[in-house]
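The values are calculated or read from the model by the stated rules, or taken from the named source; none is laboratory data. This one's a predicted model, so the numbers in the text were calculated from it and none came from an experiment. Because the Cβ atoms are built from the backbone with ideal geometry, glycine has one as well, and the counts that use them run over all protein chains shown. Side chains included, ligands, DNA and RNA excluded: accessible areas come from the protein's heavy atoms. Shrake-Rupley method; radii C 1.70, N 1.55, O 1.52, S 1.80 Å.
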Amino acid sequence: MRTAVQAAKAAQKVYMNFTQEQVDQVVKAVANAAFAESARLAQMAVEETGMGVAEHKKIKNEVGSRDVYESIKNVKTVGIVGEDKVNKVVEIAAPFGVVAGIIPTTNPTSTAFFKTLISLKTRNAIVVSPHPYAVNCTQEALKVCEEAAVTAGAPKGLVQCLTMASMEATQQLMKHPDINLILATGGGALVKAAYSSGKPAYGVGPGNVPVYIERTAKIDKAVENIVNSKSFDYGTICATEQAIVVDRNVAELVTRALKKNGAYILSDTEKLAMEKVISPVPGKVNPKIVGKSPQTIANLAGISLPEGTRIIVGMETKIGKDVPFSLEKLSPVFAMYIASDVNHAKELCLSLLQLGGMGHSLSLHTETDAIAREFAIEMPVSRIMVNTMSSVGAVGGTTGLMPSLTLGCGTFGGNITSDNVTAKHLLNIKRMAYGIKEVNLPTHEPTSSSGDDVTEQVVSSVLQSLGSNDSVDPNVVKDLVSEIVKKLSK
């Protein structure tokens, strides 16, 4: 780890002198190389982690490379990046230095691509700490990036990956004196460790995203989007919908549409069995279901699924740590709640967010823009996706949001930003400002008496107390008082 940081720091000192043209050449080469290897690395990630769907991880890799590149390619990150000629303020970009990138097991290659690209675009070096269950595929992703960068003219050592991942190594990396910023994507404990490291850090919170199907929604399209989103990479994106909240007026239509799209709705007995699989320990999700297929999860619960099942749905009424279906499951398993009206839907969504998704995302399907805006204003989330797949929409795949695989939760979720983190978050912006206004300072008049005035007042008081005694010389009294005042003022 220390060797990796040292090499990255040395390379960054050289790289920070690159021109914008040179930087852009490096970034483009890395993005192209990463995009070209998307399919191979997706397959490698699935084989190593046992999570997700290779075809879907390929799409994630493409978003993390091509889409991210397209969103940042024209951004100025070197030298003067902005100028207000009226107010005579000039903005100059400066890199942070060496970035520590913490990579999750759910998105081990796409997140590596993304963090590398935004670091290189801003003339930073990056040292990546892979998840212990995804070391090989993350290393390979970084190798692709490093080789492309060097071929394009970047100094060797700019992109580093720890070869032996562990929590201890990660914690030591985050505290290393030559690390200037932490990009932490992972579980709550990891993000807390990043914030506790004493370093500037961008951490992200959990999702537990509710999706509300309002009664004016186009039901068939809404359900198709929701099932596609939930089954995408077996639910491993943190912005994936976790609980369906449906208006009671369209509940029957939604249920039929769910079945039509490959959803299996559990019986009461099956739901009890599934609860034990989802959360054997109250408040904690079983890691054996994360990123697994519906069939694998059903087998763990002793449930037989019809052929073609894409997601599993359990009808629920309660929300809490001891209610497994209400937790963030990161798998193709849904809770479904019936809301009596819009206000009840808000209450359910808020309770789900408070359980474990404050500040992250909320999804909504409606044809009434006023209701969408009402939710956007009132819900404590940073992203509200309307009439689209939440999982892909939140990362910028189907929306106009900035393409990113690190989604800030704002102060709702204890994060410093509510943005989709991108290149601009890895820049120091210096400002040069000319004087353009004159300030007239008021003349300061002393409010206290001077030393001489004090002396005269004391002498006068002494002489008055002695009366008309001619034997007292006023000059002698004045000299004595002056000496006393001098001593007291020291």
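Structure values in brief
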item	result
Interchain or long-range residues, amide H under 5 Å from Cys409's placed H	Gly205, Asn415, Thr417
Mean Kyte hydropathy of -1.0 or more with a Cα span along the axis of at least 20 Å, helices from DSSP in the chain	20-36, 135-151, 342-356, 451-466, 474-489
Carbon + sulfur, % of accessible area of the range 114-249 - ligands and nucleic acids excluded, 1.4 Å	49
Gyration tensor (alpha-carbon) shape descriptor, the range 59-215, a/c threshold 1.5	rounded
Cα centroid separation - the range 223-300 against the range 377-443, whole Å	32
Neighbour cut-off at most 14 other Cβ (10 Å), DSSP loop, GluC sites (Glu not before Pro), the range 233-281	none
Computed Kirkwood radius, in angstrom, where 1/r is averaged over Cα pairs of the range 192-318	16.2
Solvent-accessible heavy-atom area per residue, rounded to whole Å², over the range 136-215 at 1.4 Å	40
Most to least packed among 181-193, 378-390 [average Cβ atoms within 10 Å]	378-390, 181-193
Estimated dipole of the range 101-176 in Debye, rounded to 20 [Cβ of Lys and Arg +1, of Asp and Glu -1, Cα centre]	240
Radius 11 Å from Cβ of Ile59, net charge of other residues (Lys, Arg +1; Asp, Glu -1)	0
Whole-number D in µm²/s for the range 181-243 (Stokes-Einstein; Kirkwood sum over Cα pairs; 10 °C, 1.306 mPa s)	115
Rounded if a/c under 1.5, otherwise prolate or oblate - the range 235-301, Cα gyration tensor axes	prolate
Dipole magnitude (debye, nearest 20) for the range 1-88, charges at Cβ of Lys, Arg, Asp, Glu	340
nm² value of the averaged projected area, convex hull over the Cα atoms of the chain	35.8
Helix-derived mean residue ellipticity, 222 nm - over the chain, DSSP H n ≥ 4, -39500 (n - 2.57), to 500	-13000 deg cm²/dmol
Rg/Rh for the range 72-121, where both radii come from Cα atoms and Rh is the Kirkwood radius	1.16
Cα Rg over Rh - the range 1-88, Kirkwood	1.13
Probe 1.4 Å, protein heavy atoms only - accessible area per residue of the range 282-423 in square angstrom	39
For the range 309-402: span of alpha carbons on each principal axis (Å, largest first)	35, 29, 24
Nonlocal amide H pairs with Ser279, under 5 Å, H built at 1.01 Å	Asn286
Environment charge of His365, counting only residues whose C-beta is closer than 13 Å and scoring Lys/Arg +1, Asp/Glu -1	-4
Magnitude of the charge dipole, the chain, Cβ model with Lys/Arg +1 and Asp/Glu -1, debye to 20	1440
Sparse-neighbour loop sites [trypsin sites (Lys or Arg not before Pro); the range 112-178; at most 14 other C-beta within 10 Å; DSSP]	Lys156
